[in-house]
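*Asks:* I'd like to ask some things about the structure below.
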Amino acid sequence: QVQLVESGGGLVQPGGSLRLSCAVSGGSLSDYGMAWFRQTPGKEREFVAMIRRTNDREYYEDSVKGRFTIFRVNAENTVYLQMNNLKPGDTGVYYCAGDGNFHTHSLWYRSAMEYAYWGQGTQVTVSS
């Protein structure tokens, strides 16, 4: 009965910042590797960032490195995505995901198929 609820999306100008939140209920955030994906109409869901459950190591899609930061606050049961220096190409619906799985492939975190739990998404629009 794990549920994820995203919030924090909105309209922002290029170069601006947003912080997305993902609240976890029905389980403990510390039990899951957590990720953010994004999707635009007609395109596949794209990996953005992931943070491990074990050591909080972070992984990022190349285009967001140095601009986005994923972090968790276990006491709040919430994972965040801090997005700085936003670009129009960052526009999309952002989804929070939790794995809850054991993985056998390298780069598994880049695949949406590896995640068992998903939020409903929050819209991020970067436009002048």
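*Asks:* Tally up the residues in segment 18-29 that are open to solvent by less than 60 Å² (accessible area, probe 1.4 Å) and either hydrophobic (A, V, I, L, M, F, W, C) or closer than 15 Å to Val124 by Cα (or both), please.
*Replies:* Count: 7.
*Asks:* Here is a further query. Regarding Thr78, is this residue among the hydroxyl-bearing types (Ser, Thr, Tyr) and under 26 Å from Val12 (Cα atoms)?
*Replies:* yes
*Asks:* If we only count strands (runs of 3 or more DSSP E) wholly inside segment 30-128, which ones have 2 or more residues that are touching a residue at least 40 places away in the same chain (Cβ under 8 Å) and open to solvent by 40 Å² or more (accessible area, probe 1.4 Å)?
*Replies:* The qualifying strands (runs of 3 or more DSSP E) are 122-126.
*Asks:* Restricting the search to segment 21-43, which residues are at pLDDT below 95 and of a type in the set (Lys, Arg)?
*Replies:* The answer is Lys43, and nothing else.
*Asks:* Would it be correct to say that Lys43 is closer than 20 Å to Val124 by Cα and more than 15 Å from the chain's Cα centre (by Cα)?
*Replies:* Yes.
*Asks:* Oh, and also: Against the condition in a strand (DSSP E or B) and either within 16 Å of Ala75 (Cα to Cα) or without any contact (Cβ under 8 Å) to a residue 24 or more places away in the chain (or both), how does Ala23 come out, does it pass?
*Replies:* yes
The values are calculated or read from the model by the stated rules, or taken from the named source; none is laboratory data. Here the structure is a predicted model, which is why all the values come from computation and not from measurement. Quick reminder, even Gly has a Cβ in these numbers, built from the backbone with ideal geometry, and neighbours come from all protein chains shown. These area figures cover heavy atoms from the full protein model, side chains too; ligands, DNA and RNA do not enter into them. Shrake-Rupley method; radii C 1.70, N 1.55, O 1.52, S 1.80 Å.
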